[in-house]
Amino acid sequence: MTKVKFKIPILTILLISAFIFSCEKDETCRKSRIVETGAGFYLDSVNTTTGKRVLVKSTIDSLWVSGIGVDSLLYKKTKTNAIKLPLNQFAEESKFRMKTNKVVDTITIRYKNKIEYLSLECGSIRTHTIDTVLTSGHYIRSVAIINPTVNTLSVENIQLFHTK
Amino acid sequence: MFCVTVQSTAQTKESVKKDSIPFLQGIWIEADVAPVFERALINKNAYRAQGNIQVNLKNKYYPVIEFGYAGADKTASNGIEFSTSGFFGKAGADLSMLKPKPNSTQKNNNFLVGLRLGASRFNYSLYNQTITDNYWGNSETFNLESISSTKLWYEIAAGMRVEVFRNIYMGWTIRNKHLISKTESGQTTPWYIPGYGIGNTSVWGLSYSIGYRIK
C-alpha cells in the first residue's frame, strides 16, 4: 500500500513536468530593432479658387539621399513618396543630403536620444525625440514635425513640403 | 411536541460533532525538491531552494508560508549576460477538496487548491549590452549593474499530499503565476525573478515537496 502511494505522486509529477516544460523557450529576438524617421513628400500649393493652402501627398520622380559624412547612399530610386531616415544614434543631430528631381537640399534633424530595453534576447535600442527639422529650402521648401517620437513603430514623423 | 424534541436532540448531536474537531489538526515542514530536477532537465541557468510551513485547521483550511532563495545566470545568444539572486516569500492558504473519513488512518492525505501572494526584492545585472549604428558607424557596449527591483505576484495552486511513511509526506503542487507589478515598456526588466521564474508574463511552476508532520 505504501508503495502505491509513493508511486502515484512521482508518476503524476513526471507527466505534468513533461506536459508543461516540454517546449523549450525560444531565444530568438522577434521584436523589431529598426529605428528610423519616417518622412513623407507633400506638394504644398494654394487653391486659386478658395485661396486656401492645399497639401497633397506627392511622388518624387528621382531621389538620392545620403547622410552627410557617410559614404554609403541611403536611397537612389525613382517614383517614391516616402522614405525612412536613420538618425545617428550617438549624436543629437543628423544631416542628410537629399537630391530631389535634380535639386540638392540639406535636411538637418535635431533630437534627443533615449535607451530603451527590449528583452534579454533583443537587447537595447536607442530611440529619439525630434526637436527641430531644418531644410536648406531649394526644392524642399519647408518641413513639419507631425510625430516627434522615433522608435520601432513605422510611422510618418516628418513631412517634407515642395512647391513644384 | 415529540417532533420538536427529536429535532432538538439531533441539532445538539451535530453541534457536539462539529465542535469535537480540534482547531489545529497538523503542522508540516516541507522542502521543495523540484528545483533539483528543474536545474538538471529544464532550466540549467536557474537555481532555487524553497521550503514551507503549512498548518491544517479543522481539516478544511491550510494556511501556508513559503520562503526561499533563488537566482539565475544566463548568457543570451547575442552575448548579453544576465545575473540575479535574491530571497522571496509567499503567503496564502489552501482549501481541502476531500472530505476526510473519520476513521481513516490516512486522513491527512489530501487534494488542495489555493492561492499565494508572492514577493521578492532582489538585484540584477545586465552585462555586455551592445548598441550598434550600422549606417552612421558607431558602437557602444555597456553594463547595467545591481539594478534594484521588487516584484509582487499571485499564484493559483493545486496539488496533493500523501503520507508515505509515518509522519513523512510527499506531494506536488502545480502553480499558475501572474505578475502584479509589471515593468513599463522600454524599461529594463529582469529575465528571471527569484521565486517567480522566467518571464514578464504568466508562467507555470511546479513544486514537489517532501515534508515532516511535526504535530
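The values are calculated or read from the model by the stated rules, or taken from the named source; none is laboratory data. Since the structure is predicted, the reported quantities are computational estimates derived from the model, not experimental observations. Note that we place each Cβ from the backbone using ideal geometry, even for glycine, and neighbour counts take in every protein chain shown.
Quick notes on this one:
- Region A:85-139: number of residues that are touching a His at 6+ places or on another chain (Cβ under 8 Å) and farther than 21 Å from residue B:141 by Cα: 6
- Boolean, residue A:46 is without any contact (Cβ under 8 Å) to a residue 12 or more places away in the chain and either within 14 Å of chain B (Cβ to nearest Cβ) or of a type outside the set (Phe, Trp, Tyr) (or both): yes
- Residue within region A:13-21 that is in contact with an Asp or Glu (Cβ under 6 Å, 6 or more places away or on another chain), modelled with pLDDT under 90 and at the interface with chain B (Cβ under 10 Å from one of its Cβ atoms) present: no
- Test for residue A:30: is it under 30 Å from residue B:80 (Cα atoms), modelled with pLDDT under 90 and more than 11 Å from chain B (Cβ to nearest Cβ): yes
- Residues of region A:56-76 that are under 22 Å from residue A:154 (Cβ atoms), surrounded by 13 or more Cβ atoms within 10 Å (Cβ to Cβ) and more than 13 Å from chain B (Cβ to nearest Cβ): A:58, A:60, A:63.
- Residue within region A:86-101 that is away from every other protein chain (no Cβ under 14 Å) and closer than 30 Å to residue B:129 by Cα present: no
- Answer residue from region B:163-215, given it is closer than 24 Å to residue A:27 by Cβ and aliphatic (A, V, I, L, M) and is farthest from the other protein chains (Cβ to nearest Cβ) among those: B:179
- Whether a residue is touching a His at 6+ places or on another chain (Cβ under 8 Å) and among the acidic types (Asp, Glu) was assessed, and residue B:155 passes this test.
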